[in-house]
Amino acid sequence: MEAQIRTTGPDAASRPFGTIEASHEFVVQLLEEVEETATAVGEDLQRTRGAAGREREALQLAAYKLEQLRFHLTASRRRLGELRALRLILGGDASAA
């Protein structure tokens, strides 16, 4: 059974992730937001330097989780770029690059 990469169709444009490009753009925007949030959390951590307590621990956990999310989104962005390149190699729409 041969796998098919579906890039077009009557309902592809109406779905939020109907194309690889739309998914890639979403991941890029989400990654930007995560990075901005991580910066803000880092600033809050600096503000609480030397303090102990639940707020600092929560900020440390948030910073850690944001770093994990950043790592996974960066990998996802790369994978979506690879899928776009593969589609071009396989003879997909050249205007999609």
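The values are calculated or read from the model by the stated rules, or taken from the named source; none is laboratory data. Note that the structure is predicted; figures quoted are calculated from it, not measured. Glycine gets a Cβ as well: all are built from the backbone with ideal geometry, and neighbour counts include every protein chain shown.
The rows are residues; the columns are (1) at pLDDT below 95; (2) in contact with a helix residue (DSSP H, G or I) (Cβ under 9 Å, 6 or more places away or on another chain).
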position: Ser14; (1), (2): yes, no
position: Gly18; (1), (2): yes, no
position: Ala22; (1), (2): yes, no
position: Glu32; (1), (2): no, no
position: Ala38; (1), (2): no, yes
position: Val41; (1), (2): no, yes
position: Gly53; (1), (2): yes, no
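Scanning the range 34-50 turns up one or more residues that are of a type in the set (D, E, K, R) and closer than 18 Å to Ala75 by Cβ.
Can you list residue pairs whose Cβ atoms sit under 6 Å apart, with the first residue in the range 32-46 being surrounded by 15 or more Cβ atoms within 10 Å (Cβ to Cβ) and in a helix (DSSP H, G or I) and the second being among the charged types (D, E, K, R) and modelled with pLDDT of 95 or more? Count only pairs 6 or more apart in sequence or on different chains. As it stands, the answer is Val34/Arg70, since those pairs meet every condition given. In the set (1) at pLDDT 95 or above; (2) under 19 Å from the mean Cα position of the chain (by Cα), the condition left unmet by Ala85 is number (1). Checked against (1) more than 15 Å from the chain's Cα centre (by Cα); (2) closer than 25 Å to Phe17 by Cα, Ala40 passes all but a single condition, namely (2).
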